[in-house]
1. Hey, any hits in the range 199-209 for a residue that's touching a residue at least 60 places away in the same chain (Cβ under 8 Å) and farther than 30 Å from Ser92 by Cβ?
2. Could you pull out every one of the strands (runs of 3 or more DSSP E) wholly within the range 54-150 that has 3 or more residues that are farther than 26 Å from Gly280 by Cβ and of a type in the set (S, T, N, Q)?
3. Return yes or no: is Ala278 touching a Pro at 6+ places or on another chain (Cβ under 8 Å), within 14 Å of the ligand (Cβ to nearest atom) and part of a loop (DSSP other than H, G, I, E, B)?
4. Might you let me know whether the range 194-206 holds any residue that is in contact with a helix residue (DSSP H, G or I) (Cβ under 7 Å, 6 or more places away or on another chain) and of a type in the set (A, V, I, L, M)?
5. Give all pairs with beta carbons closer than 8 Å in which a residue from the range 22-43 that is not assigned by TED's automatic domain parsing to the domain that holds Asp113 and part of a loop (DSSP other than H, G, I, E, B) meets a residue that is more than 8 Å from the ligand (Cβ to nearest atom) and not small (Gly, Ala, Ser); count only pairs at least 6 apart in sequence or on separate chains.
Amino acid sequence: MDVVVVGAGIAGLSCARALVDGGARVRVVERGRVVGGRLASKRYDGRYADIGAAYLVADDPAFEAQVASWESRGLARPWTDTLRVYPGGAPSSGPVRWAAPGGLRSLASDLADGLDIALNTSLDALPVNANVDADAVVLAMPGPQALRLNPPPGIVAAATAQTWHPVIAAVLTYPSRAWGDLRGAFVNEHPVLATVCDDGDRRGDRAPVLVAHSTATLAAAHLDSPATAGPIIADAVGELLGLPAPARIDVHRWTYAQPEPRSGGYAVDGDVWLCGDAFGRPRVQTAWLSGRATAQALLGGAR
Ligand SMILES: Cc1cc2nc3c(=O)[nH]c(=O)nc-3n(C[C@H](O)[C@H](O)[C@H](O)COP(=O)(O)OP(=O)(O)OC[C@H]3O[C@@H](n4cnc5c(N)ncnc54)[C@H](O)[C@@H]3O)c2cc1C
């Protein structure tokens, strides 16, 4: 079986990996310069910061095994089970959150190792092209991005049923670490902030870097000029944690950051499949499971 997987985020990579393990011939096309999609680490001043997913949580046995494999090879490590909750700043315990010393994108790079991946390659429409003889095409991406490819009706229906929210991530570099034992915080009922994480703590290098994620409302108002959101987010973090202004502010816009949770695993119409984190709770684990379920269905001949 020949399969083209479009998108080298965690869903596309887990799909491609499982297909290859099952004996399929797989080509992955990714429009970005690197793999990982929203499992993203970007270099600022020579240091990687995690600007997409803040951490991983694993509670599915298969994904737990994947995380254990990353841990055994030093790629992932348990970071914390306690984050603060604002207003108030009280600590709140939850599941173990996993981080990656090399940045979370290093986990996507690990999955990508050995796969046939064409980077900087955008698929603009289906069919892939007249010369490509693929038995199936897997669109491993947010529904609104899949809609641009003119997919068949069943995929259009699944994609348009998804609701997405934007986020602007701000990487705030300070002269020194002045926030004590923060680790990370959920910020509720705030007009600007949704989360703040200590990137130096989760990465383990103790760099004086916080990464804040905006609310969807703030992001929507600044989608055309995300840089203008940077000082607003920095001021809000300063006020929340009692910090001076950062020495450097970098922002990243995620137009399709977080979907409303849905179920289903994946969608399919004929030979075109759609998978990703919109088929469950919007988490790395969901994307990984969705890609894998798609591969298993393809290998098993399911529709
Ligand atoms: C700000 C933010 C915070 C988050 N926090 C967490 C968290 O703390 N914990 C957690 O578990 N999850 C978190 N998530 C969610 C997590 O990042 C996603 O669930 C997961 O990474 C989605 O993977 P995916 O493969 O489904 O999609 P994506 O990562 O979006 O991958 C889609 C890929 O398809 C490519 N693509 C799109 N169109 C085309 C085309 N036409 N041709 C070629 N390539 C194309 C894109 O470039 C991209 O690489 C967060 C996400 C964001 C944005």
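1. For the range 199-209, residues touching a residue at least 60 places away in the same chain (Cβ under 8 Å) and farther than 30 Å from Ser92 by Cβ: absent.
2. Per the criteria, no element qualifies.
3. For Ala278, the condition - touching a Pro at 6+ places or on another chain (Cβ under 8 Å), within 14 Å of the ligand (Cβ to nearest atom) and part of a loop (DSSP other than H, G, I, E, B) - is met.
4. Yes, that holds for at least one residue.
5. none
Conditions (1) modelled with pLDDT of 95 or more; (2) over 18 Å from the mean Cα position of the chain (by Cα), marked per residue:
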site	(1), (2)
Gly46	no, yes
Gly74	yes, yes
Arg97	yes, no
Ala108	yes, no
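The values are calculated or read from the model by the stated rules, or taken from the named source; none is laboratory data. This is a predicted model, so every value here is computed, not measured. Cβ atoms come from the backbone with ideal geometry, glycine included; neighbour counts cover every protein chain shown.
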